[in-house]
């Protein structure tokens, strides 16, 4: 086992077993969670909400509760004998140089590098791909503990000016600052009140388009719902108060509004989104004509249209219109009669992204959840496949339409990220950088299986483990899932998973309905009134792993974050007997009130709303908080959230923890770990990531009986 391999002496193992025995006998005196007499009426159904007070994370009662919960949780985790060795091994594994694929602007190359244990990756600028270059921006200098992170950047076409976003404590709120690249001098411009938006430079580099919300209430901005996003133009060298309003929709405050300039600098495209649905509207404005009107191109929320590139007035879009797996179409904006022409028809695989380089299309397809890259000419004729090293995920392929070189990164569960330089003319991939991680990739194997869900639908699942493990039902197994928002779970390298695999653990990822593995139909099959399909798919994955002797119920843990945290909470209620442990992270747990906080209203497109009688019935039937049954023997549960999460507000996890702690009839711990100065996950410092992982794996090892 891992601890024995790391040279821990038998005497320590004896002590370990003694400590484990002490912890096993521990009874949990959970912090008192007061109840209030709050009852809501949903279409004639009375629903109690006794922990409503926890929705205010800054009240004195909530702060006392958070402090008490963390005291209990961290005292428990600190006792676990495996934790120290786990943290040491995670730190060793994490300590390797990591690079992003380079991208090019104004003849300069830009890339990110992390020396290994830096809390945030550093932005470099170089004169050529082989030049190591110099540090342009080091986010580690923003704060002592790494909790201020870089959250977006944009560079002028001439490579002279940088706009960069920063976020504090993991919040989705960001502000943008500006820098002269050659001198490193900070410019006085400062943009605030921005969320879910980058900035897009004009071709001359004199200004940017960006979206922002009205100025929030500083005391409640981590909980308040976000409405009335507007598109602005900021001219460099002026105050934000002077920015020009470009587009707004006061008739519909929920619309997401974003704008960007085409590569040729001649057009402004404006996207309107309705929640997290991929359906969108597209408007455009000529930037070469003075006071040109904003003109609708697509003015109905019926399909998804994503801009790829343009030749003058001929625009290319990726769309799912009449093609649920995706296709490429073109349209001439100036034609008297607007005709949509098919360029690349729908394939058998799912089109997940496309770029326009060397006047060719680079199409990223998913075949059973792993990447295939195909090159097409501008007329849609097939050129070649990009040969990838194996079954995994490839991303990158950035650049402009006249570029003849690009870069991409390939990784898989047992293959660390490797960056390749790709010649668009010859079709040759050349190794550029390979991550040197302290592990043997040949010691592990990756397989893909297909299993039937409850209704017979075939679901793919990746399974990773050490070569030569015995299928005797005793392997500790971690099953991960998401199943929502058209997001696919594709094979990728994770340093954090190596510790689990080195211990002899099995790691499985189920590609559930609701995700984006097989296009829009697959996505819709796991939304709203069909959300139960996602839970059935996950339960069937667990049953497959048990029936095929990978593991047993007492050795099986489930994990998911955000929408995946909802998944874990719902499935745990439906089948508490099926699992030995559960790890719901930053989960959406109150399905009746999620739309009342920050950007939660945007998820109605996937979940539905409790304000709709039919959708309320479906939501109430699986909502994690509302389906916990008092007197149930739940397995070990470690809930994780963060006090600055303003996407899935921590109240979801707080109320869930209070409810399940009261209901727990078994001896297994039900704990909540509340990170401070952290958010939904983006930008979390390396140090905090390692600490949380060590806690999580120590919790699993102890509660699954991994010695």
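Does residue 135 qualify as being under 30 Å from residue 209 (Cβ atoms), surrounded by fewer than 20 Cβ atoms within 10 Å (Cβ to Cβ), modelled with pLDDT of 95 or more and touching a helix residue (DSSP H, G or I) at 6+ places or on another chain (Cβ under 9 Å)? Judged against the criteria, residue 135 is not a match. Scan the range 235-245 and give yes if some residue there is touching a strand residue (DSSP E or B) at 6+ places or on another chain (Cβ under 6 Å), touching a residue at least 40 places away in the same chain (Cβ under 8 Å) and in a strand (DSSP E or B), otherwise no. No.
Is the range 503-521 home to any residue that is in a helix (DSSP H, G or I), assigned by TED's automatic domain parsing to the domain that holds residue 621 and buried (at least 24 other Cβ atoms within 10 Å of the Cβ)? Explain how you work it out, then say what you get.
To start, the set of residues in the range 503-521 that are in a helix (DSSP H, G or I) comprises 519-521.
In the following step, the residues that additionally are assigned by TED's automatic domain parsing to the domain that holds residue 621 were identified as 519-521.
The next check asks that each one be buried (at least 24 other Cβ atoms within 10 Å of the Cβ); those that pass are none.
Within the range 503-521, none of the residues are in a helix (DSSP H, G or I), assigned by TED's automatic domain parsing to the domain that holds residue 621 and buried (at least 24 other Cβ atoms within 10 Å of the Cβ).
Residue count for the range 61-92, restricted to those that are in contact with a strand residue (DSSP E or B) (Cβ under 7 Å, 6 or more places away or on another chain) and closer than 16 Å to residue 651 by Cα: 3.
Would you pick out the residues in the range 122-133 that are without any contact (Cβ under 8 Å) to a residue 12 or more places away in the chain and touching a strand residue (DSSP E or B) at 6+ places or on another chain (Cβ under 8 Å)? Break it down stepwise before answering.
The first filter runs over the range 122-133 and keeps only residues without any contact (Cβ under 8 Å) to a residue 12 or more places away in the chain, leaving 130, 132.
132 - this is the single residue of the range 122-133 that is without any contact (Cβ under 8 Å) to a residue 12 or more places away in the chain and touching a strand residue (DSSP E or B) at 6+ places or on another chain (Cβ under 8 Å).
Being within 22 Å of residue 513 (Cα to Cα), modelled with pLDDT of 95 or more and either within 23 Å of the chain's Cα centre (by Cα) or surrounded by 20 or more Cβ atoms within 10 Å (Cβ to Cβ) (or both) is a property that holds for residue 569.
Let's see how each residue does on (1) closer than 26 Å to residue 527 by Cα; (2) at pLDDT 95 or above; (3) part of a loop (DSSP other than H, G, I, E, B); (4) out of contact with any helix residue (DSSP H, G or I) (no Cβ under 8 Å at 6 or more places or on another chain):
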position: 258; (1), (2), (3), (4): yes, yes, no, yes
position: 265; (1), (2), (3), (4): no, yes, yes, yes
position: 270; (1), (2), (3), (4): no, yes, no, yes
position: 275; (1), (2), (3), (4): yes, no, yes, no
position: 283; (1), (2), (3), (4): no, yes, no, yes
position: 292; (1), (2), (3), (4): no, yes, yes, yes
position: 338; (1), (2), (3), (4): no, no, yes, yes
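In the set (1) in contact (Cβ under 8 Å) with a residue 24 or more places away in the chain; (2) under 28 Å from residue 402 (Cα atoms), residue 330 fails one condition alone, (1). Only one of the numbered conditions (1) more than 27 Å from residue 410 (Cα to Cα); (2) at pLDDT 95 or above; (3) touching a helix residue (DSSP H, G or I) at 6+ places or on another chain (Cβ under 8 Å) is violated by residue 90, and that is (1).
Residues that are modelled with pLDDT of 95 or more, within 25 Å of residue 52 (Cα to Cα) and out of contact with any helix residue (DSSP H, G or I) (no Cβ under 9 Å at 6 or more places or on another chain): find the helices (runs of 4 or more DSSP H) completely inside the range 603-707 holding 1 or more of those. Before the answer, list the steps.
Numbers: elements: 604-607, 613-622, 651-663, 686-703.
The helices (runs of 4 or more DSSP H) meeting that bar are 613-622, 651-663.
Of all residues in the range 344-353, exactly one satisfies the criterion of being surrounded by 23 or more Cβ atoms within 10 Å (Cβ to Cβ) and under 22 Å from residue 403 (Cα atoms), namely 344. Of the residues making up the range 340-356, those that are in a strand (DSSP E or B) and farther than 21 Å from residue 521 by Cβ number 4.
Taking the stated definitions as given, is residue 498 buried (at least 22 other Cβ atoms within 10 Å of the Cβ), in a strand (DSSP E or B) and in the same structural domain as residue 534 (by TED's automatic domain parsing)? So residue 498 fails the test. Among the residues of the range 41-66, those that are surrounded by fewer than 18 Cβ atoms within 10 Å (Cβ to Cβ) and under 15 Å from residue 673 (Cα atoms) comprise 63, 64.
The values are calculated or read from the model by the stated rules, or taken from the named source; none is laboratory data. Computed from a prediction, not measured in an experiment: that's the story for all the values here. As a convention, Cβ positions derive from the backbone with ideal geometry for all residues, glycine included, and neighbour counts pool all protein chains shown.
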